[in-house]
Amino acid sequence: MAVAVAGVLVAAGAVTYSVAGEGGADAAGSGVPAAGSADAGFARDMAVHHQQAVEMSYVVRDRTTDAEVRRLAYDIAQTQANQRGMLLGWLDLWGLPKVSADGPMAWMGMAGMSGGEDGALMPGMATDTEMKKLGTLNGKAAEVFYLRLMTAHHKGGVHMAEGCEHRCTVGVEKRLAQGMVEAQQSEIGLMAEMLKARGAKP
């Protein structure tokens, strides 16, 4: 198992390092995206967006014994934690800051549209109040609330990833965004079925 994990990490590292010279050149032609580019903006914002999904998934894992929900939560947490590491790694390689004075979603022309009210900085993000509520629920109630929150979270994530597909210029990052769209749309369908099985609507 250690060998398999090491192989995954090496592969992820190879993708991370390959991105540095793939398009996305700034005005100086350095081959590195500019700080205000869509490539940098998406990397920053999706890293934050993913972090909440990871937190949400670990919360519900400890609030239910349902194997199906726990398996989904684990898969989401692992996938998005790995992707978050890649996004932050690219920012490090590009020598760009992990925060921007322009605010979330500026790279999509949506700066300030989410308002950031109660901690919901970007489309689909749960509020601080919703996160606290998730931490108070147990069993089926926790499962349903998590599935609803994560469905909205994925829809917001798909919107952002589609924005990168259209605006980003770094090939590897665009492919990562496409993979996010496909995977999260699939999970949205799965979560709709899981909610139906629990007698709840999305």
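The values are calculated or read from the model by the stated rules, or taken from the named source; none is laboratory data. Keep in mind that this is a model prediction, so the values were computed, not measured. Glycine also receives a Cβ, built like all others from the backbone with ideal geometry; neighbour counts cover every protein chain displayed. To get the accessible areas, we keep the full protein, side chains included, count just its heavy atoms, and leave off ligands, DNA and RNA. Shrake-Rupley method; radii C 1.70, N 1.55, O 1.52, S 1.80 Å.
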Here the qualifying pairs (Cβ atoms under 6 Å; residues six or more apart or on different chains; first in segment 185-202 and in contact (Cβ under 8 Å) with a residue 12 or more places away in the chain; second among the polar types (S, T, N, Q) and open to solvent by less than 30 Å² (accessible area, probe 1.4 Å)) come out as I188/T151; M191/T151; P202/T151
Filter segment 94-110 for residues that are more than 18 Å from the chain's Cα centre (by Cα) and surrounded by 14 or more Cβ atoms within 10 Å (Cβ to Cβ); the one that is modelled with the lowest pLDDT is D102
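Of all residues in segment 48-81, count the ones that are open to solvent by 30 Å² or more (accessible area, probe 1.4 Å) and within 29 Å of G139 (Cβ to Cβ). Walk me through how you get there before you give the answer.
So in segment 48-81, the residues open to solvent by 30 Å² or more (accessible area, probe 1.4 Å) come out as 48, 51, 55, 58-59, 61-63, 65-68, 70-71, 74-75, 78-79, 81.
After this cut, where a residue has to be within 29 Å of G139 (Cβ to Cβ) as well, the list is 51, 55, 58-59, 61-63, 65-68, 70-71, 74-75, 78-79, 81.
Counting residues in segment 48-81 that are open to solvent by 30 Å² or more (accessible area, probe 1.4 Å) and within 29 Å of G139 (Cβ to Cβ) gives 18.
Of everything in segment 55-77, what is in a helix (DSSP H, G or I) and either among the aromatic types (F, W, Y) or without any contact (Cβ under 8 Å) to a residue 60 or more places away in the chain (or both)? Give them in sequence order.
Taking segment 55-77 as the starting set, the residues that turn out to be in a helix (DSSP H, G or I) are 55-61, 67-77.
Across segment 55-77, the qualifying residues are Y58, R61, A67, R70, R71, Y74, D75, A77.
Does V15 count as under 20 Å from V172 (Cβ atoms), surrounded by fewer than 17 Cβ atoms within 10 Å (Cβ to Cβ) and modelled with pLDDT under 95? Steps first, answer last, please.
Working: under 20 Å from V172 (Cβ atoms): yes; surrounded by fewer than 17 Cβ atoms within 10 Å (Cβ to Cβ): yes; modelled with pLDDT under 95: yes.
So V15 fits the description; yes.
Could you tell me which of the residues A183, A161, A177, A141 is at pLDDT 95 or above and over 17 Å from the mean Cα position of the chain (by Cα)?
Numbers: A183 fails: over 17 Å from the mean Cα position of the chain (by Cα); A161 fails: over 17 Å from the mean Cα position of the chain (by Cα); A177 fails: over 17 Å from the mean Cα position of the chain (by Cα).
One residue alone meets the criteria, A141.
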Note on segment 111-123: residues crowded, with 18+ Cβ neighbours inside 10 Å and either out of contact with any Pro (no Cβ under 8 Å at 6 or more places or on another chain) or free of Cβ contacts under 8 Å to residues at least 60 places away in the same chain (or both) are A120, P123
Having 1 or more residues that are closer than 15 Å to R61 by Cα and open to solvent by 40 Å² or more (accessible area, probe 1.4 Å) is the bar; report the helices (runs of 4 or more DSSP H) wholly within segment 124-200 that clear it. 128-134, 139-167
Scanning segment 114-131 for residues that are within 23 Å of A192 (Cβ to Cβ) and more than 12 Å from the chain's Cα centre (by Cα), the one modelled with the lowest pLDDT turns out to be A120
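Kindly establish whether G31 is at pLDDT below 95, closer than 21 Å to M160 by Cβ, touching a helix residue (DSSP H, G or I) at 6+ places or on another chain (Cβ under 6 Å) and open to solvent by less than 50 Å² (accessible area, probe 1.4 Å).
Numbers: at pLDDT below 95: yes; closer than 21 Å to M160 by Cβ: no; touching a helix residue (DSSP H, G or I) at 6+ places or on another chain (Cβ under 6 Å): yes; open to solvent by less than 50 Å² (accessible area, probe 1.4 Å): yes.
It is false that G31 is at pLDDT below 95, closer than 21 Å to M160 by Cβ, touching a helix residue (DSSP H, G or I) at 6+ places or on another chain (Cβ under 6 Å) and open to solvent by less than 50 Å² (accessible area, probe 1.4 Å).
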Go through (1) at pLDDT 95 or above; (2) under 30 Å from G31 (Cβ atoms); (3) among the hydrophobic types (A, V, I, L, M, F, W, C) for L134 and report which single condition fails. (2)
